[in-house]
Amino acid sequence: METNYKQPQKKKKKKKVSLLNILGGDILKEEFVVKQSKLIIMIACCFVLFIGNRYACMKKITRIEDLKKELAELKYENLVILTKLTENSRQSQIEALIESKGLNLSGSNSPTYEIEK
């Protein structure tokens, strides 16, 4: 003789979520939080990765901006040096420099010509 005894079902008591309950840590023992703990941990890890990625990107952007400023400064410096080189490599400047140094050199009076093979 088999009797089917119905076990009494547990009534779910809805607890009030209060500030004291949250601050005391009792909310971590709630059934919903326990069931969803893996999801909560995964979301927390995603937040940490997102914040780390954003920080790394901000560092790279700052570095790129610094390099752009340095590049502009170097381009300006290059332009100044090229201007001085062009000015000093003119024939009149070279002749004046030779005379000021007292070297016994002079420019050719005859025009240049090509020797053909």
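The residues neighbouring T62, those whose beta-carbon lies less than 12 Å from its own, together hold a net charge of +3 under the Lys/Arg +1, Asp/Glu -1 convention.
Can you tell me what the convex hull of the Cα atoms of the chain projects to on average, as an area in nm²?
Numbers: hull surface 109.2 nm².
Reported value for the Cα convex hull: 27.3 nm².
For region 20-36, 3J(HN,Hα) computed residue by residue from phi via the Karplus equation (6.51, -1.76, 1.60; θ = phi - 60°) reads 5, 5, 6, 5, x, x, 5, 5, 6, 8, 5, 4, 4, 5, 5, 5, 9 Hz, glycine and proline entered as x.
Working note: Karplus 6.51/-1.76/1.60 with θ = phi - 60° gives region 98-103 the couplings 5, 5, 5, 7, x, 7 Hz, where Gly and Pro are set to x.
Roughly how big is the chain's charge dipole about its Cα centre, with Cβ charges of +1 (Lys, Arg) and -1 (Asp, Glu), in debye to the nearest 20? Spell out each step's value before the answer.
Numbers: 22 positive and 14 negative charges, 447 e Å.
With Lys and Arg at +1 and Asp and Glu at -1, about 2140 debye.
Number of Lys-Lys pairs in region 20-101 with C-alpha atoms under 15 Å apart and a separation of 8 or more places or on different chains: 5.
Adding -39500 (n - 2.57) for every DSSP H run of four residues or longer, then dividing by how many residues the chain holds, sets the calculated 222 nm ellipticity at -21500 deg cm²/dmol.
Coordinate-derived values only; no laboratory data. Just so it is clear, the model here is predicted, and its values are computed rather than measured. Heads up, the Cβs are rebuilt from the backbone with ideal geometry, glycines too, and the neighbour counts pull from every protein chain shown.
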